[in-house]
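The values are calculated or read from the model by the stated rules, or taken from the named source; none is laboratory data. All figures in this text were calculated on a predicted structure; none of them were measured in a lab. Counting neighbours? That spans all protein chains shown, and the Cβs are built from the backbone with ideal geometry, glycine included. These accessible areas exclude ligands, DNA and RNA; they are computed on the full protein's heavy atoms, side chains included. Shrake-Rupley method; radii C 1.70, N 1.55, O 1.52, S 1.80 Å.
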Amino acid sequence: MPHVLLLGGTSGASQLAQALHRAGIAAVFSYAGATASPVAQPLPTRVGGFGGAQGLAQFLRGQAISHVVDATHPFAAQMSRNACEACAATGTPLLALERAPWLPRPGDRWVDVPDMQAAAAALPQAPARVFLAVGRKQLAAFADQPQHHYLLRLVDAPAPGSLPLPHTSVVLGRGPFSAAGDEALLRSHAIAWLVAKNAGGEATRGKLDAARALGLPVVMVQRPDLPQRPRTESVDCVLHWIAHGTLPAQAPSMP
Ligand SMILES: NC(=O)c1ccc[n+]([C@@H]2O[C@H](COP(=O)([O-])OP(=O)(O)OC[C@H]3O[C@@H](n4cnc5c(N)ncnc54)[C@H](OP(=O)(O)O)[C@@H]3O)[C@@H](O)[C@H]2O)c1
C-alpha cells in the first residue's frame, strides 16, 4: 500500500491533497510553517522543517514513506534539493508536481533576471512606485534601493519595524488573485514597476495580465536551478505514477 509524503505550500499541492483524499490513498501533507495559519488539508498534516536532507531521510524511513511528491513552490529550492538527496539516499521514488514557467505574451514588457539581486539592480535609479511581488523572505535584496516606494502583498501582517525597506505599503492576501483585482490594486497604488518570480500557474498570474493592460514593465526573476528529477504539471499524472510507478505516456493537461 502506498504511503505518500506530499511536500506542500502551493495551490497544486492543495489540489493533489484533495485528489489523494478522494482516492483513499494514505498520505502525509507537509508544510514548512512559513505562514501563521496555513490552508487546512484533508490529509494528516505536519508542520516544520525535517532537519535537512538527513532529517528528511530519517522521516522517510521512520514513517515508511513509499512515494514523495515535491509540490513546493519552484523557488523553494532548498527543500527540493533536500528531497532529491533524501530520496536518492533512501531509494524512495520522487516526483515533482510543478507548473511550467510563464512565457511573455504579446504586449508584455518583461526584463528577465537570474535572481533577486539582479532584480533590484534592474529597477530605475529614480524613485519609483514598485509592486514587489516576491514574498517576505526576499525583501532584503531590495534594501540597497531604498529610494523606491514598495507595495508588498503578504500572507501575514509583518511585525512593526520588521521590514528591511524604509518606504512600504502592505496589503494582506492569499491567492488566487484575479487580473481585474490586480489591475485595480496597481492603479490605486499608482504602480510603475512590477517585480515578480516566475512561478507559473494561474493563481498568481493576474498581476502579469494587469501589468500588460497598464503597459507596465515587469522585472521577472527566473527560477533557481534544481537537480534533474521527474516532473509533471498534472494531478492525474501523479495519481497514475503512484498507482503504476511511471508517468503516463500522454500527459493530460493541468486541471
Ligand atoms: N519561495 C517562495 O517563493 C514560496 C512561495 C509560495 C509558497 N512557498 C512555500 O513556502 C515554503 C517555504 O518556502 P522557502 O522558499 O522558504 O523554502 P526553502 O528555502 O526551499 O526551504 C527552507 C527550509 O524550510 C523547510 N521546508 C520548506 N518547505 C517545506 C515543507 N513543505 N515541509 C517541511 N519543511 C519545509 C526545510 O527545512 P529543513 O531543511 O529543516 O527540512 C527547508 O530546508 C515551501 O513549502 C514553499 O512551497 C514558497
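Only one of Ala27, Ala71, Ala86 is open to solvent by less than 40 Å² (accessible area, probe 1.4 Å), over 20 Å from the mean Cα position of the chain (by Cα), under 22 Å from Thr232 (Cβ atoms) and within 11 Å of the ligand (Cβ to nearest atom). Can you tell me which?
On the way: Ala27 fails: within 11 Å of the ligand (Cβ to nearest atom); Ala71 fails: over 20 Å from the mean Cα position of the chain (by Cα).
It is Ala86.
Take the residues of segment 1-24 that are more than 16 Å from the ligand (Cβ to nearest atom) and open to solvent by 30 Å² or more (accessible area, probe 1.4 Å): which is farthest from Ala71 (Cα to Cα)?
Quick first cut of segment 1-24, residues more than 16 Å from the ligand (Cβ to nearest atom) only: 1-3, 18-19, 21-24.
Filter once more, so that each one left must be open to solvent by 30 Å² or more (accessible area, probe 1.4 Å): 1-3, 18, 21-24.
Numbers: Met1: 21, Pro2: 18, His3: 16, Gln18: 13, His21: 16, Arg22: 18, Ala23: 18, Gly24: 19 Å.
Restricting to residues being more than 16 Å from the ligand (Cβ to nearest atom) and open to solvent by 30 Å² or more (accessible area, probe 1.4 Å), the top hit is Met1.
Counting only residues that are over 18 Å from Thr72 (Cα atoms), loosely packed, with under 15 Cβ neighbours inside 10 Å and within 16 Å of the ligand (Cβ to nearest atom), how many does segment 93-114 have?
1
Which condition breaks for Arg61 when tested against (1) without any contact (Cβ under 8 Å) to a residue 24 or more places away in the chain; (2) more than 18 Å from Ala17 (Cβ to Cβ)?
Tallying (1) without any contact (Cβ under 8 Å) to a residue 24 or more places away in the chain; (2) more than 18 Å from Ala17 (Cβ to Cβ), Arg61 fails exactly one: (1).
Identify the residue in segment 115-144 that is surrounded by fewer than 16 Cβ atoms within 10 Å (Cβ to Cβ) and under 19 Å from Ala34 (Cβ atoms) and, among all such residues, is modelled with the lowest pLDDT.
Here is the first cut: in segment 115-144, the residues surrounded by fewer than 16 Cβ atoms within 10 Å (Cβ to Cβ) are 115, 117-118, 121, 124-127, 137, 140, 143-144.
From the residues that got through so far, the ones that are under 19 Å from Ala34 (Cβ atoms) too are 137, 140.
Details: Lys137: 92, Ala140: 96.
Only one residue fits best here, namely Lys137.
If you go through segment 57-67 one residue at a time, how many are within 11 Å of the ligand (Cβ to nearest atom) and either hydrophobic (A, V, I, L, M, F, W, C) or touching a strand residue (DSSP E or B) at 6+ places or on another chain (Cβ under 7 Å) (or both)?
Here is the first cut: in segment 57-67, the ones within 11 Å of the ligand (Cβ to nearest atom) are 57-59.
Within this subset, residues satisfying the condition of being either hydrophobic (A, V, I, L, M, F, W, C) or touching a strand residue (DSSP E or B) at 6+ places or on another chain (Cβ under 7 Å) (or both) are 57, 59.
The qualifying residues number 2.
Filter segment 168-209 down to the residues that are in a loop (DSSP other than H, G, I, E, B), of a type in the set (Gly, Ala, Ser) and under 14 Å from the mean Cα position of the chain (by Cα) and list them by number.
Gly175, Ala199, Gly200, Gly201, Ala203
In segment 146-183, which residues are touching a residue at least 24 places away in the same chain (Cβ under 8 Å) and either more than 16 Å from the ligand (Cβ to nearest atom) or in contact with a helix residue (DSSP H, G or I) (Cβ under 6 Å, 6 or more places away or on another chain) (or both)?
His148, Leu151, Leu163, Pro164, Leu165, Phe177, Ser178, Ala179, Ala180, Gly181, Asp182, Glu183
Quick one: which residue in Ala32, Ala36 is closer than 25 Å to Val155 by Cα, open to solvent by 60 Å² or more (accessible area, probe 1.4 Å) and near the ligand (Cβ under 7 Å from one of its atoms)?
Details: Ala36 fails: near the ligand (Cβ under 7 Å from one of its atoms).
Checking each option against the conditions leaves just Ala32.
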